[in-house]
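Here's the structure, in structure tokens; my notes come after.
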Amino acid sequence: MLLDKHPSLILEWLYLTAGFCCIWHSSVWIYRRYAVCSKERKIGFMLRNDLRNIAIIAHVDHGKTTLVDAMLKQSNIFRANEHVEERVMDSNALERERGITILAKNTAVMHQGTKINILDTPGHADFGGEVERVLTMVDGVLLLVDAYEGPMPQTKYVLRKALEQHLKPIVVINKIDRPDQRVEEVIDEVLDLFIELGADDDQLEFPVVLTSARNGIAKLTMEEESDNLEPLFKVILENIPAPDVEVEAPLQMLVNTLDYDDYVGRIVVGRVIRGTIHNGETITLMDEEGERKAKIGRLYTYEGLKRVETQEVGAGDIVALIGLADANIGDTIADAENPEKLQGISIDEPTLSMVFSVNNSPFAGREGEYVTSRHLRDRLFKEIKTNVSMRLEETESPDAFIVSGRGELHLSVLIETMRREGYELQVGKPKVIMHHDETGTLQEPMEALTIDVPQEFMGAVMEGLGLRKAELTNMTEMAGYLRMEFMIPARGLIGFRNQFLTDTKGNGVMNHVFAGYADYKGEIPGRTRGSLVAFENGETTSYGIGNAQERGTMFIIPGEQVYEGQIIGENSREDDMDVNPCKKKHVSNMRASGSDDTVRLIPPKTFSLEQALEHINDDELVEVTPKNIRMRKKILDRVERGRQRSRNKA
């Protein structure tokens, strides 16, 4: 009756009931959600929202180091009047000369109270071991892709490694200021690549940021206006997970990187997985051979390009420490009382090997400081302690060592580094490392080769690759260029780059990455021309070179010291030929000694270290000294070489 007289009470009652139901349902949802989260989160874990760890991965020349430069500058790392080099992270002399990143490096920036540890990685396939190693220290990756080139072979390789470790990806389309950019198509190509590599649903929901690293801008759509990298920093903080770690648990840390300083010695770098590490603390160092007690010297964390000393570092952060002179990559730094070992770092096996040996040429010891087998052995064993993707084997000879790596560039960087340090050595022709499968079938390493060439050069390139057992897998047309993708034996690429540049008149671009093993493809023809070999020791003359250049292409100039057995040119025919570049025109009644001045010499062909390694045959060596790179025959004496040829034919 009361409700009949006051109908407004009905509405008020309905509102109150509905409100109560909403509050009750919300409370139940919050309770259930909290209960689920409580079950998901392990007891003792803490989310470090003040920290992010990311690696920047990409194909070579897609702009990783340039982007890190821009992030550092916009984080106020440098003073306003401070002169900053371009590509400041490429601190190695070889990196600056070649314009590439060889070693992965750490830096850190602060943004809105959050520390972002950034790891800049190499883009070349030969240094893929550096990428695999540092991915164990991060929780997410920035995948940089060129706005024109799109995903390239190394893009696929590094993304596969990141997805295998379940890292959160952010796709960064760089170089959007290029006039030939094709942002929308590249984003679709990246999505196809994620699907091809089997990314899970969470990884497929990747955010996309558009950047111009050179101009220091980032945006989420092409229509947006931007003059800084703030959109990129925002996406990083929102999408890269904060480390979820046990700060109060016993210490665990994996050694990821080794550095060296002339003043403090070996520097160990890694991420604290669990617990807290303190300055001067006694720890347990664990490796494959066992465990031993050691004491931490000093601790450092990263701020910009500097290492800053600190008293303690908690789980989730990246730390550099000194005092562990015998620590190696993959070792575990554990609590002194409750040591627990971590799983070591897994790295793909090498695919190429070379024989490094002591220089025994007639010029040995003239230009280098370290020339003995002991020097060479110590230096190579030192290298494999820090270069995780390199292997070293001793041979029956104490003067020769087999060094295995990821590719010619990987090994040539080591040779060039040793040369600059004052070492003399000689190296043989690169050889691929064969395997046998479970059935005993011989298998060889294969490479995924991508080539961009103008259409008029397609025929010459296809013909050259056909002889090297390459198989075409895809072909697309891009703005006047053809992009061709091949599967080719790794040994088919040895010596191909020079031929490729000649066939395309310098207009072609090639990239390749390891693509697994396949059945042996059969014999591949090698160099089709022989060598011009010096007849005797002496100083070259214009007259001698003038006579010799009629036989082929010369590698030397007048006034150069040569020795018997040194390769001084390329013969125009298949066989080797002994020539005498030191021959002099003797004075006579009919001829003046100055008539040498009228000889017209063709400029010689010069070789870089990589070109020399590609050029030599199985019976030849590259002699490397701090001042010169020479090619020579393994057997210097021409009579003995003739006997060896006869024995081989028989």
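Worth pointing out:
One line per residue, one yes/no per condition, for (1) at pLDDT 65 or above; (2) open to solvent by 10 Å² or more (accessible area, probe 1.4 Å); (3) among the charged types (D, E, K, R):
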| position | (1), (2), (3) |
| --- | --- |
| D90 | no, no, yes |
| E95 | no, no, yes |
| R98 | no, yes, yes |
| L103 | no, yes, no |
| I118 | yes, no, no |
| M137 | yes, no, no |
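- Some residue of the range 525-547 being basic (K, R), part of a loop (DSSP other than H, G, I, E, B) and in contact with a helix residue (DSSP H, G or I) (Cβ under 8 Å, 6 or more places away or on another chain): yes
- Of all residues in the range 166-184, one or more are buried (at least 23 other Cβ atoms within 10 Å of the Cβ), touching a residue at least 12 places away in the same chain (Cβ under 8 Å) and charged (D, E, K, R).
- Any hit, the range 386-397, residues being over 19 Å from V255 (Cβ atoms), in contact with a Leu (Cβ under 9 Å, 6 or more places away or on another chain), modelled with pLDDT of 90 or more and not aromatic (F, W, Y): yes
- Looking only at the range 368-420, and only at residues there that are closer than 22 Å to E610 by Cα and basic (K, R), the one that is surrounded by the fewest Cβ atoms within 10 Å (Cβ to Cβ): R420
- Of all the numbered requirements in (1) closer than 30 Å to L72 by Cβ; (2) touching a strand residue (DSSP E or B) at 6+ places or on another chain (Cβ under 7 Å); (3) surrounded by fewer than 17 Cβ atoms within 10 Å (Cβ to Cβ); (4) not polar (S, T, N, Q), I236 misses one, and that requirement is (3).
- When the range 618-650 is filtered for residues that are under 27 Å from the mean Cα position of the chain (by Cα), surrounded by fewer than 22 Cβ atoms within 10 Å (Cβ to Cβ) and among the polar types (S, T, N, Q), only N628 remains.
So that you can scan it fast, the table gives a plain yes or no per residue for (1) basic (K, R); (2) within 28 Å of E132 (Cβ to Cβ); (3) touching a Pro at 6+ places or on another chain (Cβ under 8 Å):
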{"residue": "V269", "(1), (2), (3)": "no, yes, no"}
{"residue": "I273", "(1), (2), (3)": "no, yes, no"}
{"residue": "G314", "(1), (2), (3)": "no, yes, no"}
{"residue": "G323", "(1), (2), (3)": "no, yes, no"}
{"residue": "S346", "(1), (2), (3)": "no, yes, no"}
{"residue": "S357", "(1), (2), (3)": "no, no, no"}
{"residue": "R374", "(1), (2), (3)": "yes, no, no"}
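- Pairs meeting the criteria (first residue in the range 552-566 and within 12 Å of G538 (Cα to Cα) and free of Cβ contacts under 8 Å to residues at least 60 places away in the same chain, second residue open to solvent by less than 30 Å² (accessible area, probe 1.4 Å) and among the charged types (D, E, K, R), beta carbons under 9 Å, at least 6 apart or on different chains) are V562/R630.
- Screening G365 with (1) in contact with a strand residue (DSSP E or B) (Cβ under 9 Å, 6 or more places away or on another chain); (2) within 17 Å of E421 (Cβ to Cβ); (3) touching a residue at least 24 places away in the same chain (Cβ under 8 Å) gives one miss only, at (1).
- Residue tally, condition open to solvent by less than 10 Å² (accessible area, probe 1.4 Å) and more than 16 Å from the chain's Cα centre (by Cα), over the range 51-68: 5
- Qualifying positions in the range 193-216 - among the β-branched types (V, I, T), open to solvent by 10 Å² or more (accessible area, probe 1.4 Å) and either under 18 Å from L229 (Cβ atoms) or outside any helix (DSSP H, G or I) (or both): V208
- Residues of the range 571-586 that turn out to be within 7 Å of L532 (Cα to Cα) and open to solvent by less than 30 Å² (accessible area, probe 1.4 Å), as a count: 2
One line per residue, one yes/no per condition, for (1) closer than 18 Å to M554 by Cβ; (2) in a helix (DSSP H, G or I); (3) in contact (Cβ under 8 Å) with a residue 60 or more places away in the chain:
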site: Q611; (1), (2), (3): yes, yes, yes
site: E614; (1), (2), (3): no, yes, yes
site: M631; (1), (2), (3): yes, no, yes
site: I635; (1), (2), (3): no, no, yes
site: G642; (1), (2), (3): no, yes, no
site: R647; (1), (2), (3): no, yes, no
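- Residues in the range 522-536 that are at pLDDT 80 or above, closer than 21 Å to M462 by Cα and open to solvent by less than 70 Å² (accessible area, probe 1.4 Å): G522, I524.
- Annotation note: Cβ proximity below 7 Å between a residue of the range 290-304 that is touching a residue at least 40 places away in the same chain (Cβ under 8 Å) and closer than 16 Å to L321 by Cα and a residue that is among the hydroxyl-bearing types (S, T, Y) and open to solvent by 20 Å² or more (accessible area, probe 1.4 Å) (sequence gap 6+ or interchain) occurs for K293/T282; T301/T310.
- The set of residues in the range 336-353 that are open to solvent by less than 30 Å² (accessible area, probe 1.4 Å) and either touching a Gly at 6+ places or on another chain (Cβ under 7 Å) or within 26 Å of G405 (Cβ to Cβ) (or both) comprises I347, P350, T351, L352, S353.
Here's the yes/no breakdown for (1) open to solvent by 20 Å² or more (accessible area, probe 1.4 Å); (2) assigned to a helix (DSSP H, G or I):
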residue	(1), (2)
E485	yes, no
G492	no, yes
R497	yes, yes
T502	yes, yes
H512	yes, no
A515	yes, no
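- Note on the range 429-460: residues that are of a type in the set (D, E, K, R), open to solvent by 30 Å² or more (accessible area, probe 1.4 Å) and under 26 Å from L482 (Cβ atoms) amount to 1.
- Among the residues of the range 557-570, those identified as more than 20 Å from G642 (Cα to Cα) and either charged (D, E, K, R) or open to solvent by less than 10 Å² (accessible area, probe 1.4 Å) (or both) are E560, V562.
- In the range 275-290 there is no residue that is open to solvent by 50 Å² or more (accessible area, probe 1.4 Å) and of a type in the set (A, V, I, L, M, F, W, C).
- Matching residues, the range 264-302, being part of a strand (DSSP E or B) and β-branched (V, I, T): I267, V268, V269, V272, I273, T276, I277, T282, I283, T284, T301
The values are calculated or read from the model by the stated rules, or taken from the named source; none is laboratory data. Computed from a prediction, not measured in an experiment: that's the story for all the values here. Positions of Cβ are backbone-derived with ideal geometry, glycine not excepted, and every protein chain shown enters the neighbour counts. Just the protein is used for accessible areas: all its heavy atoms, side chains included, with ligands, DNA and RNA removed. Shrake-Rupley method; radii C 1.70, N 1.55, O 1.52, S 1.80 Å.
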